[in-house]
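The values are calculated or read from the model by the stated rules, or taken from the named source; none is laboratory data. Keep in mind that this is a model prediction, so the values were computed, not measured. Methodologically, a virtual Cβ is constructed for each residue, glycine included, from the backbone with ideal geometry; neighbour enumeration extends over all protein chains shown. Just the protein is used for accessible areas: all its heavy atoms, side chains included, with ligands, DNA and RNA removed. Shrake-Rupley method; radii C 1.70, N 1.55, O 1.52, S 1.80 Å.
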Amino acid sequence: SFLQMIQNPPNSPNKKAKKPSPLSYVLLVLLGISLCSFIQMKGLLHAYDDSISDDPHQQTAIESSLSAFKSGKKGAALPSDALLPPSVVVEDPIPNPELTNGYDSFSACLLVMDDNHRLVEWMAYHYHVLPLRYLVIAIDPRSKTSPTAILNRWRRMGVHVEEWDDFKFMRKDIASNKVGDDEQLQVKRDRHRMRQKNFYQACLRRMKQQNRTYTTLIDTDEYITYNYKGGDQFEAWEKKRKQITRKIPIYKGKKRVLPSSIPPTTAEAGALLKFIRTEQKAGTPFFQGACISCPRLQFGAKESSEEERKHGMPDALRIDPFRLDTLRFRLHAERQDFVKNGLSKSILDVSRVDKFPKIQSLHRPIKSICSAPWKDEWSSGLRINHYLGSWEAYSFRDDSRRGGERSFEGWAFKAQEGDDTDDNIRPWVDGFVESHGSDKATEL
C-alpha cells in the first residue's frame, strides 16, 4: 500500500493502480535494513553509556572539582567563586599588567561558556608553550559560571586579559535581546554563530590596534603544538612515521615537509613562537603565510591506564593527571581522517593583514589569505590537538549545538576512536613545573 501510494497519490489522475516495480521493493528492503541498523546502533550507544556511568574512573575533571568544592576537600583545582554567574560580583578583574611586545609573544581570541573546567589547563599550557601573553575573551551571556578568578591568576603572571561582553562586538539592540535557556535549539544556534563571527572579526581588529602579531582562534578543548616529536627523539619518530605511511595509500606520492632544524619539545618555555620565526627565516613553506592553517587531531575518550597517565608527570606537582586532558587521553583518530578530525583552524599574524572582513567560517577566517581547511597533516609543521573529553565534560554546558553536533551519538561516534597514540604534547607539564616550581605550578 505504501508503494502504491507513492506511485499513485490520492489526487493522481491515474484511476488504475500500477503494480510496484521490482526497484521499489529493493528500495523498501534497503530502507528496512537501514532502519534496523539505526535502532541497533542506538541500542549499542545507550549500552555503552550505561557501561561507563558506574565506572569511578569516568569521573571527569569538572565532577572532581565540583565534588571537591562541595565537600571542602583539599586540592580543588578551581576556587568556589568560579562557579557563580557573571552577574554576581565575586572577584572583579584586577588591573592588567603592562602589555608585552607583540613580536615576542602570542595573543588569543577566545569564546567561553562555562568552560572553567577546561580553562585552567588551557591557560597553563598556552602560557608556557606559545607563550600566550595577551587574551581577549568573550563570555557567553548564558554562562552560569565566571572565569574572572582564573583569569586573575594569569594577570598576576603577566598576561594582559580583556573580558568582553556582547556589547563590545554586537549591535546594542541585538546584545540587549538575550536568548533564554528555554529558547528553541535553532534560535540558540543562530545566535551562537552570529556571536562567533562578530567576535572574531572585532577581536582581530583589536589585536591589530594593539600591535600584536600571531593570534590564535581556537577553543578551550584545543591545543596548538608541534607536528613533530621534538628534541633527541625527533629523528627516530620521523623514521617510524615514514615506515607507517608507506603502507597507507593516501600518503603515496606525498613528500613529508621537515623543519630546517630539530624542533623543541613542549617542555621548553615559549619555544613555539621562536620555532615559527626560525622556520620563516629558513624558508620552510608551511610557515610563510600571514595565515597558517593547522590540521586538527581528534583525541577520543578511551581511558589511559593509571601508569600511562602518570608517565612523565613530575612527582612535585600535586595534581592528579586524571584531571588533565593532555595527559589523560592519548588515543586519536587516523591523521588524514577529515570526518573524525574535522576541518583545520588557523593562527594569523595580524601585523601582516590590512583588512579584516566579516568572517564567514572560523576554519578559513580570511578567505583571501587562508588556505582551504582540508589541511594535509603530512605537510604541516604545526597541528591542533582536539580533546573530546568525557561525556560529562562534553555535555556540561547548555551548548547551542546540543542535540545535533553535540548529541550523545555525536560524542560516542568520536569517543571510541583511536588505536594510535601520540604523547608529543606531554612534556609541557614537566617544563611548567620546572619554570615555576611545584607550589606555584599546582596553584596555577
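Assorted remarks:
- Every condition in (1) open to solvent by less than 40 Å² (accessible area, probe 1.4 Å); (2) free of Cβ contacts under 8 Å to residues at least 24 places away in the same chain; (3) part of a loop (DSSP other than H, G, I, E, B) holds for Ser261 except the one numbered (1).
- Only a single item in (1) open to solvent by 20 Å² or more (accessible area, probe 1.4 Å); (2) under 25 Å from Ser293 (Cα atoms) is not met by Asn424, and it is number (1).
- Residue in the range 227-244 that is in a loop (DSSP other than H, G, I, E, B) and among the aromatic types (Phe, Trp, Tyr) present: yes
- Here the condition is being under 19 Å from the mean Cα position of the chain (by Cα) and touching a residue at least 24 places away in the same chain (Cβ under 8 Å); of Phe329, Phe356, it holds for Phe329 alone.
- Residues of the range 339-390 classified as within 24 Å of Thr266 (Cβ to Cβ) and assigned to a helix (DSSP H, G or I), total: 5
- The residues of the range 264-305 that are out of contact with any Ser or Thr (no Cβ under 7 Å at 6 or more places or on another chain), outside any loop (DSSP other than H, G, I, E, B) and charged (D, E, K, R), listed by number, are Lys274, Arg277, Lys281.
- Number of positions in the range 309-338 that are assigned to a loop (DSSP other than H, G, I, E, B) and charged (D, E, K, R): 7
- Assessment of the range 215-225 against the conditions (more than 19 Å from the chain's Cα centre (by Cα) and crowded, with 18+ Cβ neighbours inside 10 Å) yields no matching residue.
- Scanning the range 197-213 for residues that are farther than 15 Å from Ile359 by Cα, open to solvent by less than 10 Å² (accessible area, probe 1.4 Å) and in a helix (DSSP H, G or I) turns up just one, Met207.
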